Amino acid sequence: MKTFFLIRHAKSSWTHPELTDFDRPLNKRGIRDAPNMGKQLHSSNCIPDLMISSPANRAKTTASTIANELNYPIENIQLEQDLYHASTEDILTIIRSVAKDCRTLFVFGHNPGFTELANLFNKESYIPNVPTCGIVTIESSATTWTDVDSKNSKVVSFIYPKMF
């Protein structure tokens, strides 16, 4: 079995118009929410074998903050340029490229790709939006990441900061 977590970056700041979208930092709410969601993952014993993040500042900071809460080495977070403004297919390509020995994967990135991908695997109900720092957990019966698809995988959990 393979389990992957789609983790949208925490709330970012728009107060520095001179910064590019790629460079925007987290705002106060994002700085508060990211460690809290990391604590939620920790209390549920959700420990990744691998973390992959968009290199955008807000996604990378969210990944690092959650890694700290889980005692995951920050230097082991893999930055993947293709996660920035990624389509559903781009995200799936990255997930399907993960080494077979990885069982639990955390992927940090952006909407709309994360909401669209979550709904591809959601058999129960439609998720209108994965909010900032929202986490969608997907379990797959696939034995390799290459084989992960909507026929053998489903959303098993969807949490977000306002729930806590």
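The values are calculated or read from the model by the stated rules, or taken from the named source; none is laboratory data. Note that the structure is a prediction, hence the values are computed from the model and not measured. Neighbour counts are summed over all protein chains in view; Cβ atoms, including those assigned to glycine, are modelled from backbone coordinates with ideal geometry.
Here are the numbers for the structure shown:
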item	result
Pair list, Cβ < 9 Å and 6+ apart or interchain, from the stretch 129-143 residues that are in contact (Cβ under 8 Å) with a residue 40 or more places away in the chain and on the phi > 0 side of the Ramachandran plot to residues that are part of a loop (DSSP other than H, G, I, E, B) and buried (at least 16 other Cβ atoms within 10 Å of the Cβ)	CYS133/HIS9; CYS133/ALA10; CYS133/LYS11; CYS133/TYR160
Any chance VAL156 is in contact with a helix residue (DSSP H, G or I) (Cβ under 6 Å, 6 or more places away or on another chain) and either outside any loop (DSSP other than H, G, I, E, B) or in contact (Cβ under 8 Å) with a residue 40 or more places away in the chain (or both)	no
Residue check for ASP82: of a type in the set (Asp, Glu), at pLDDT 95 or above and surrounded by fewer than 17 Cβ atoms within 10 Å (Cβ to Cβ)	yes
Candidates CYS133, CYS102 - the one that is at pLDDT 95 or above, under 23 Å from PHE22 (Cα atoms), not in a strand (DSSP E or B) and not acidic (Asp, Glu)	CYS133
Subset tally (residues that are assigned to a helix (DSSP H, G or I), touching a Lys or Arg at 6+ places or on another chain (Cβ under 7 Å) and crowded, with 17+ Cβ neighbours inside 10 Å) for the stretch 29-67	4
Of all residues in the stretch 87-116 being within 13 Å of the chain's Cα centre (by Cα) and of a type in the set (Gly, Ala, Ser), the one that is surrounded by the most Cβ atoms within 10 Å (Cβ to Cβ)	GLY109
Selection count, the stretch 117-134, where residues are surrounded by fewer than 22 Cβ atoms within 10 Å (Cβ to Cβ) and aliphatic (A, V, I, L, M)	2
